[in-house]
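Visitor: Submitted below is the structure of interest, expressed as structure tokens.
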Amino acid sequence: MAQINQPSEPPKKENLFLKLTMTYGLITGLVLIVYTLLLYISNNLLEQNFILGVLNYIILVAGIIIGTKSYRDQYLGGYISYGKSLGTGVLISVFAGVVMGIFTYLLYAVIDPQLLDESIKIVQEEMLNKGVPEGQIEMMTEIQQKFQSPAVMMFSSIFSHGFMGLIFSLITSIFTKRDQPIFNQ
């Protein structure tokens, strides 16, 4: 018996939105992982270098802009509201944060568990150089060890990328939004 092919429904916009934000979040997260691995291999991961930190944010902003413009141009006919642009950027950042969070956990728990101790030693040395009394350094180290476990760092990565994504998306959405002309609606 021949089967009659029913026309399939076009994918819902919500599914496309989620798929696109996940895709660009994954891409952005992978680029951030490659960047972090390059820092790790070159022994610059624990360095407090302003320029290296800014490059991390530039990658995140680029992911937000490229992902938002792609969504606007491919699925929304070239138009996107400020709010939708903001939401797109934040979700891309959250998904990038999830990818980076998982990587951060693996880096500090599996790949190089000694890295956490090294970062604590660097902070202790910096405090000693600034003349902080040893009692305060010990107290700060105890607090730091409680909050600097691989699991806490994973959730911190998700939160911080989401928060920074919100801040960056508030700005980038000004430039990526494109309202439909009134007479075309």
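Visitor: Looking at region 161-185, which of the residues that are open to solvent by 90 Å² or more (accessible area, probe 1.4 Å) and among the β-branched types (Val, Ile, Thr) is nearest to TYR82 (Cα to Cα)? It would help to see each step written out before you state the result.
Guide: In the first step, residues of region 161-185 are kept if they are open to solvent by 90 Å² or more (accessible area, probe 1.4 Å); the result is 163, 171, 174-175, 178-179, 182-185.
Then keep just the ones that are among the β-branched types (Val, Ile, Thr); that gives 171, 174, 182.
Numbers: ILE171: 10, ILE174: 7, ILE182: 16 Å.
Ranking the candidates gives ILE174 first.
Visitor: Just checking, how many residues over region 71-98 are in a helix (DSSP H, G or I), of a type in the set (Ser, Thr, Tyr) and farther than 16 Å from LYS19 by Cβ? Quick ask: steps written out before the conclusion?
Guide: Restricting attention to region 71-98, the residues satisfying the condition of being in a helix (DSSP H, G or I) are 71-75, 82-98.
The next check asks that each one be of a type in the set (Ser, Thr, Tyr); those that pass are 71, 75, 82, 85, 88, 93.
Restricting the remaining residues to those that are farther than 16 Å from LYS19 by Cβ gives 82, 85, 93.
Residues that pass the stated criteria total 3.
Visitor: Test PHE155 against the criterion of being farther than 21 Å from LEU30 by Cα, open to solvent by 40 Å² or more (accessible area, probe 1.4 Å), without any contact (Cβ under 8 Å) to a residue 60 or more places away in the chain and of a type in the set (Phe, Trp, Tyr), and give yes or no.
Guide: Values: farther than 21 Å from LEU30 by Cα: no; open to solvent by 40 Å² or more (accessible area, probe 1.4 Å): yes; without any contact (Cβ under 8 Å) to a residue 60 or more places away in the chain: yes; of a type in the set (Phe, Trp, Tyr): yes.
For PHE155, the condition - farther than 21 Å from LEU30 by Cα, open to solvent by 40 Å² or more (accessible area, probe 1.4 Å), without any contact (Cβ under 8 Å) to a residue 60 or more places away in the chain and of a type in the set (Phe, Trp, Tyr) - is not met.
Visitor: Scan region 150-185 residue by residue and report those that are touching a helix residue (DSSP H, G or I) at 6+ places or on another chain (Cβ under 8 Å) and not in a helix (DSSP H, G or I).
Guide: Result: LYS177, ARG178.
Visitor: OK, next. What are the pairs with Cβ atoms under 8 angstrom where one residue, in region 46-67, is in a helix (DSSP H, G or I) and the other, located anywhere, is surrounded by 15 or more Cβ atoms within 10 Å (Cβ to Cβ) and at pLDDT below 90? Sequence gap at least six, or different chains.
Guide: LEU52/LEU39
Visitor: Being within 16 Å of the chain's Cα centre (by Cα) and in contact (Cβ under 8 Å) with a residue 40 or more places away in the chain narrows it down to one of SER93, SER173, SER85, so name that one.
Guide: Working: SER173 fails: within 16 Å of the chain's Cα centre (by Cα); SER85 fails: within 16 Å of the chain's Cα centre (by Cα).
Only one candidate qualifies: SER93.
Visitor: Given the criteria assigned to a helix (DSSP H, G or I), within 21 Å of the chain's Cα centre (by Cα) and either surrounded by fewer than 17 Cβ atoms within 10 Å (Cβ to Cβ) or touching a residue at least 12 places away in the same chain (Cβ under 8 Å) (or both), does ILE120 qualify? I'd like the intermediate steps shown before the answer.
Guide: On the way: assigned to a helix (DSSP H, G or I): yes; within 21 Å of the chain's Cα centre (by Cα): no; either surrounded by fewer than 17 Cβ atoms within 10 Å (Cβ to Cβ) or touching a residue at least 12 places away in the same chain (Cβ under 8 Å) (or both): yes.
When the stated conditions are applied, ILE120 does not pass them.
Visitor: With respect to SER85, is the statement that it is open to solvent by 30 Å² or more (accessible area, probe 1.4 Å), in contact with a Lys or Arg (Cβ under 7 Å, 6 or more places away or on another chain) and of a type in the set (S, T, N, Q) true?
Guide: Values: open to solvent by 30 Å² or more (accessible area, probe 1.4 Å): no; in contact with a Lys or Arg (Cβ under 7 Å, 6 or more places away or on another chain): yes; of a type in the set (S, T, N, Q): yes.
The answer is no for SER85.
Visitor: Being within 27 Å of THR28 (Cα to Cα) and either part of a loop (DSSP other than H, G, I, E, B) or open to solvent by less than 80 Å² (accessible area, probe 1.4 Å) (or both) is the filter here; which residues of region 106-117 pass it?
Guide: Scanning region 106-117 gives LEU106, LEU107, TYR108, ALA109, ASP112, PRO113, LEU115, LEU116.
Visitor: Now for a different question. Residue pairs, Cβ under 8 Å, 6 or more apart or interchain, first in region 30-41 and more than 20 Å from VAL94 (Cβ to Cβ), second part of a helix (DSSP H, G or I) and open to solvent by less than 30 Å² (accessible area, probe 1.4 Å). List them.
Guide: Cβ pairs passing all conditions: TYR40/LEU107.
Visitor: Additional query: Can you pull out the residues in region 123-140 that are surrounded by 11 or more Cβ atoms within 10 Å (Cβ to Cβ), modelled with pLDDT of 80 or more and not charged (D, E, K, R)?
Guide: MET127, LEU128, MET139, MET140
The values are calculated or read from the model by the stated rules, or taken from the named source; none is laboratory data. Note that the structure is a prediction, hence the values are computed from the model and not measured. Heads up, the Cβs are rebuilt from the backbone with ideal geometry, glycines too, and the neighbour counts pull from every protein chain shown. Surface areas here come from the heavy atoms of the whole protein model, side chains and all, with no ligands, DNA or RNA. Shrake-Rupley method; radii C 1.70, N 1.55, O 1.52, S 1.80 Å.
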